[in-house]
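Engineer: A single structure is presented below for examination.
The values are calculated or read from the model by the stated rules, or taken from the named source; none is laboratory data. The shown structure was predicted, so the numbers you read here are calculated from the model rather than taken from an experiment. Glycine also receives a Cβ, built like all others from the backbone with ideal geometry; neighbour counts cover every protein chain displayed. For the accessible areas, the whole protein counts, side chains as well, though only heavy atoms, and no ligand, DNA or RNA atoms are used. Shrake-Rupley method; radii C 1.70, N 1.55, O 1.52, S 1.80 Å.
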Amino acid sequence: MQFWKKEKSFHTDCFNCIEEIEQISASAGIKQPEVEIVKISDNEKDDRKLFSEVRRILGESGVPKEDIFVTVADTSTSGSDVLDMTMLRLEFDGYTVEKLHIDPEKGIADHSETSLNLELYKAICKFKDTGITDTFNKLGEKISNKLLAELLEQLDHFSGNLNLCQTEDLEPTLDKIYNILDSLEHDADAADNIEGLVCDKLRSVFGDSKPQLLSMVYIKCCLSWKWTTQSLVLFTEVLPKELVRNKIVQCDFSSFTNATLAPEVELFYTRMTRDMYIPKEKELKSLLVNFLKGETGNDSKNLYIEDFIVIIKWFEKGMEEKGLTIPFEGIDILYSFPEKNDGVRQLTEFIYHNCSSLTMDKFREKLSNSMDSIRYFFKDSLMYDKENTISQKIMGIKYLYPEHMRRNLDGFRLNIDYSKFSFFKRFLAFFLYLKLVRNRVCHAIPLQTLDDDLNEDHKERLKCFGVDTGTVTYESLSRNITNALSCLKECLLSNVPRTIHKYYVSVPAPDEVDDIENDIDSHLRSLFENVPSFDTVRIFVIKEKNKEGILEKALIAKIDEYAICNDFFCDIENISDSDEPSEFISNLLSTVEPGDKIGADTTYMNNIKMYGMIMFFNAVIEKKAEIGKVICKDYCLTDLINSQFGA
């Protein structure tokens, strides 16, 4: 393989070089190699073009990767960076590169010293694969590019702090790393030089942008570098704290007085799943039958039987895609279901024995009358193992339900995508298992003692969530942690802008309410009847300045209870009214953003407030927000308001 630079002496130098190679080959008694000549432009931006050409030649000629000899035809430095970059790319493409220099007068001389760029790239690749930064300090002193030198320093800090799990120092370091990478990539030539190669490698470690959860980056690095202990510590100790800090999970921890763990860890490991309500067989059977009959609608309690619903929908979708009408003919669809458990087996056996001639129209009806054939979905021996903490935690995960968490845990809120709630349950199953493993790994306790906590029934149930409960190895731990993070990532809310529902209610005066329980309940049902399950709404309570009475507390308590019973979350804030309508309107408008959907209960508003609300509705429409449900006593005013103000 011959790389050529200068065109003015091309023919002479080319033949001199070939003649030199022939002489060396003859004296060494080896076969004369085939020579391919590739011209190198003086334009340093052509290294990627050159690299592509060289790779093409190598691929077509079948040249082995073990020996590539690079020859340079003269001593000029023009184009040498292009050659260095090409050699660097080839070497990290898996080829063994030996760099030689040809001088027409002195012959071939060894020219194998490693360039600074190559040293840097090797160091970055070593960091990517192992987290080791032992050469970074010396390289930083040699590099003239201040950004690259700063990058090496920050990577060294990152690796050192991560090794010690000092996460409070990691975030500012990671911010600097992202900023430096962005700056390097803004260079117009970044794609075609060492900076571009460095950025490409590091983006594969850190990603293109700062993630929603930094712990995921830390844990990914530890797994890639086989830092098993650190990955377990970060997953079980740091990730829960970040989920709470980012308000993905919220809770009032003041009641966690006797906890032996950090409160955030205690929440995930114990409080979220232990002592939770576990539905009775009769209740589960009823939900299963109602679903099969299509009578549940959007009942949020379907979360209890979500695994069953997923399997049935998988089967029915597969039947439709294959154009099949007899369930027995589509039994292989269930064989391909991603999760293998007794529920899938029982459903498969039911179809095999009962649906050989049954059509899909009758399949659900037949199954709803044969509940004992699918006992897995409503009967579990662990449900009755009241004395075993792990049994109760596993059942708590299986039948996890938001309302019960909110009733058992003060101030609890789970801000995730509830259409992916099953992924959160799986994450909790992984967390339970990995916390048990972490306790042993970090305290040098024999892993065999894991059987003291997990019996075979426990392991089988955890397997249903996707947990690898076999022999504990680095590979199995890496697999479990990776799958756990995938489940968590799947159910996180995206940053896509969404409509925010905002409601305005007024505290009634004592003489306005005869029966506070029934009056307020009636208005809340009317106002909030269309709030989607598990959505978060903002509620503004309009009250007199500097006054807080029994009716205000009763109203807020009623709103909280209604939200829990109807599976939505609410943030409640106060707005003080005013004798000046303009001030009142200003207070209201400060809460509205374009795209919001506004609802209100005007039942208990006096004349000044009503005047202010009317002006407010007009301003809301001008602000590109939407008027939703507006009520006054038993009347809905939405259409009237929208027609009045031209919405």
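Engineer: Describe numerically, in nm with one decimal, the distance between label points set 7 Å from Cα along Cα→Cβ at residue 339 and at residue 614.
Structural biologist: Here the modelled spin labels are 5.6 nm apart.
Engineer: Only Lys, Arg, Asp and Glu count, each charged at its Cβ (+1, +1, -1, -1), so figure out the dipole size of region 501-646 about its Cα centre, rounded to 20 debye. Please report the intermediate quantities before stating the final value.
Structural biologist: Working: 14 positive and 28 negative charges, 94 e Å.
Rounded to the nearest 20 debye, it is 460 debye.
Engineer: Which order do 438, 498 take when ranked by solvent-accessible area (1.4 Å probe, heavy atoms of all protein chains), largest first? Walk me through the numbers before you get to the answer.
Structural biologist: Values: 438 40, 498 125 Å².
Sorted by accessible area, descending: 498, 438.
Engineer: Let me ask another. Per residue, how many Å² of accessible area does region 501-646 show with a 1.4 Å probe? Intermediate values should be presented prior to the final figure.
Structural biologist: Details: 7310 Å² over 146 residues.
On a per-residue basis, region 501-646 sits at 50 Å².
Engineer: If you don't mind, there's one more thing I want to ask. Which FRET efficiency, nearest 0.05, do residue 116 and residue 362 yield, Cβ-Cβ r, R0 60 Å? Numbers along the way, then the final one.
Structural biologist: Values: r = 76 Å, r/R0 = 1.26.
Efficiency for this residue pair is about 0.20.
Engineer: While we're on this one: Measure off 7 Å from each Cα along the Cα-to-Cβ vector at residue 27 and residue 295, then give the distance between these two points in nanometres to one decimal.
Structural biologist: Each label point lies 7 Å from its Cα, and together they span 9.8 nm.
Engineer: Given H placed 1.01 Å from N in the peptide plane, which residues other than close sequence neighbours of residue 626 have an amide H under 5 Å from its amide H?
Structural biologist: Under 5 Å from the amide H of residue 626: 595, 596, 597, 598.
Engineer: Here is a further query. What accessible area per residue comes out for region 118-210, rounded to a whole number of Å², with a 1.4 Å probe?
Structural biologist: Numbers: 4430 Å² over 93 residues.
Ligands and nucleic acids excluded, the result is 48 Å² per residue.
Engineer: Sticking with this structure for a sec: Could you tell me which trypsin sites (Lys or Arg not before Pro) in region 247-293 are loop residues by DSSP with no more than 16 other beta carbons within 10 angstrom of their beta carbon? Don't skip to the end; give the middle numbers.
Structural biologist: Details: sites: 247, 271, 274, 280, 282, 285, 293; in loops: 247, 274, 280, 293.
Within region 247-293, the qualifying trypsin sites (Lys or Arg not before Pro) (loop, at most 16 other Cβ atoms within 10 Å) are 247, 274, 280, 293.
Engineer: Accessible area of region 178-234 with a 1.4 Å probe: how many percent of it is carbon plus sulfur?
Structural biologist: Working: 1040 of 2210 Å².
Roughly 47 percent, rounded to a whole number.
Engineer: Leaving ligands, DNA and RNA out of it, report the carbon-plus-sulfur percent of the accessible area of region 447-497 at a 1.4 Å probe. Working shown, then result.
Structural biologist: Values: 1320 of 2710 Å².
Carbon plus sulfur share of accessible area: 49 percent.
Engineer: A further question follows. Quick one: if the Förster radius is 35 Å, what FRET efficiency do residue 146 and residue 490 give, using the C-beta to C-beta distance and rounding to 0.05?
Structural biologist: Working: r = 41 Å, r/R0 = 1.17.
FRET efficiency, residue 146 to residue 490: 0.30.
Engineer: For the pair residue 456/residue 372, report the inter-label distance in nm, with labels modelled 7 Å from Cα in the Cβ direction.
Structural biologist: Between residue 456 and residue 372, the simple spin-label model gives 2.6 nm.
Engineer: Taking region 298-388, which trypsin sites (Lys or Arg not before Pro) meet the DSSP loop condition and have no more than 13 other C-beta atoms within 10 Å? Mind showing how you got there, number by number?
Structural biologist: Numbers: sites: 301, 313, 317, 322, 340, 345, 362, 364, 366, 375, 379, 386; in loops: 340, 379, 386.
Answer by residue number: 340, 386.
Engineer: Follow-up question, since we're still on this one. Mind giving me the FRET efficiency for residue 538 and residue 229? R0 is 51 Å, r the Cβ-Cβ distance, nearest 0.05 is fine. Walk me through the intermediate numbers first.
Structural biologist: On the way: r = 43 Å, r/R0 = 0.85.
E between residue 538 and residue 229, to the nearest 0.05, is 0.70.
Engineer: OK, next. Between residue 634 and residue 473, what is 0.36 nm times their sequence separation minus the Cα-Cα distance? Round to one decimal in nm. Present the calculation step by step, with values, prior to reporting the outcome.
Structural biologist: Values: separation 161, 0.36 × 161 = 57.96 nm, distance 6.48 nm.
Working it through step by step, the gained length comes to 51.5 nm.
Engineer: For residue 575, which sequence-distant residues (separation of 5 or more, or a different chain) have an amide H within less than 5 Å of its own amide H, given hydrogens modelled in the peptide plane?
Structural biologist: HN-HN under 5 Å from residue 575: 541, 542, 543.
Engineer: What length, rounded to one decimal in nm, is gained on full extension from residue 573 through to residue 626, with 0.36 nm per residue of separation minus their alpha-carbon distance? Kindly include the intermediate steps, with their values, before the conclusion.
Structural biologist: Details: separation 53, 0.36 × 53 = 19.08 nm, distance 2.03 nm.
Separation in residues times 0.36 nm, less the Cα-Cα distance, equals 17.1 nm.
Engineer: Using a 1.4 Å probe on the protein heavy atoms, what percent of the accessible area of region 501-646 belongs to carbon and sulfur? If you can, show how the numbers build up before the last one.
Structural biologist: On the way: 3460 of 7310 Å².
In region 501-646, the share of accessible area belonging to carbon and sulfur is 47 percent.
Engineer: Just to confirm, what accessible area per residue do you get for region 273-340 at 1.4 Å probe, in whole Å²? Show your work: numbers first, answer last.
Structural biologist: On the way: 3710 Å² over 68 residues.
Ligands and nucleic acids excluded, the figure is 55 Å² per residue.
Engineer: Multiply the residue gap between residue 209 and residue 125 by 0.36 nm, knock off their C-alpha separation, and tell me the result in nm, one decimal place. Intermediate values should be presented prior to the final figure.
Structural biologist: Values: separation 84, 0.36 × 84 = 30.24 nm, distance 2.00 nm.
Result: 28.2 nm gained on full extension.
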